[in-house]
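Below is one structure; the comments refer to it alone.
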Amino acid sequence: MGSYKTEGIILKRTNFGEADRILTIYTKHFGKLKVLAKGIRKPTSKKSPSLELFNWVKILASRGKNLDIISECQTVRVFRAFRKDLKKIGLAFHFCELVERLTAENVKNRQIFNLLAGSLLGLEKAWPESLAQAAKNFEQKILEESGFWPRGKKAQGFNLENYIEKIIEKRLKSKRIFKYG
């Protein structure tokens, strides 16, 4: 049983059992991973504050039978600046949902990691008027990096959200939280 270190951004979390959570993390070195955080829902958990949605974390994980298990974690960045703004939280959720839905597990893509990290950093300083354009830019770039859109082709007049829903064959949950256009 081996272990590995990596850093990534937490895209999604799902309660598992009485005290555990399954986290979906987009990492620099391995792409999208699903890992188990044991005991994270206990009030005494020391890992709990680090392993929140949108956090950029360094983890040490051990290979497991079905899921890898987080043994250590350290926060690299907590995106606090947008956590008090509901529209920005909605857009951060939209970014994470797109990365989670449009990428395959264990497929490294450093450009997607950089796009997500850069977009979350930019969101901290973004003006409310620029959020709709930030969403459209992210949608086009994630489609390009995932191979679903030709590089450099502008998406003017094209509804990227509907296109994404056709690709993933599901409705985006983030549409209910973040609306633009």
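Bear in mind these aren't lab numbers, they're just calculated from the coordinates by the rules spelled out. All figures in this text were calculated on a predicted structure; none of them were measured in a lab. Ideal geometry is used to build each Cβ from the backbone, glycine not excepted, and the neighbour counts take in all protein chains shown.
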Checklist entry - Residue farthest toward the positive end of the dipole of the chain, with Cβ of Lys/Arg at +1 and Asp/Glu at -1: which of W56, A132, L102? => result W56
Checklist outcome for this item: At R0 = 35 Å the Cβ-Cβ FRET efficiency linking S71 and N114, nearest 0.05, sits at 0.85
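Cut-off is 10 Å between beta-carbons; in what order do L121, L86, L91 appear when sorted fewest neighbours first?
Values: L121 14, L86 11, L91 25.
If I rank by nearby Cβ atoms, fewest first, I get L86, L121, L91.
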Checklist entry - Based on Cβ point charges of +1 for Lys and Arg and -1 for Asp and Glu, what charge dipole magnitude is obtained for the stretch 31-105 about its Cα centre, in debye rounded to the nearest 20? => result 260 debye
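Show me the trypsin sites (Lys or Arg not before Pro) within the stretch 14-79 that DSSP assigns to loop and that have at most 14 other Cβ atoms within 10 Å of their Cβ. It would help to have the intermediate numbers written out before the result.
Working: sites: R21, K28, K32, K34, K38, R41, K46, K47, K58, R63, K65, R77; in loops: K28, K38, R41, K46, K47, R63, K65.
Answer by residue number: K46, R63, K65.
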Checklist entry - Restricting the count to DSSP beta bridges whose residues both fall in the chain, what percent are antiparallel, rounded to a multiple of 5? => result 90 percent
Item to check | Scattering profile of the chain at q = 0.09, 0.17 Å⁻¹ [log10 I(q)/I(0), Debye over alpha-carbon scatterers] | outcome: -0.32, -1.10
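From the Cα gyration tensor of the stretch 70-117, with a ≥ b ≥ c the square roots of its eigenvalues, which class applies: rounded if a/c is under 1.5, or else prolate if a/b is larger than b/c, or else oblate?
On the way: a/c = 2.13, a/b = 1.25, b/c = 1.71.
Here the stretch 70-117 falls in the oblate category.
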Checklist entry - Residue separation times 0.36 nm, minus the C-alpha to C-alpha distance between E165 and K58: what's the value? => result 35.4 nm
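Suppose R0 equals 30 Å; then what is the FRET efficiency for E18 and K173 from their Cβ-Cβ distance, rounded to the nearest 0.05? If you can, show how the numbers build up before the last one.
On the way: r = 25 Å, r/R0 = 0.85.
Efficiency at R0 = 30 Å is approximately 0.75.
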Next on the checklist: With Kirkwood's inverse mean 1/r over C-alpha pairs for Rh, give me the Rg to Rh ratio of the stretch 3-77, two decimals please.
Outcome noted: 0.91
Checklist entry - Within the chain, which DSSP H helices have Cα atoms that stretch 18 Å or more along the helix axis and a mean Kyte-Doolittle hydropathy of at least 0.0? => result 86-102, 110-125
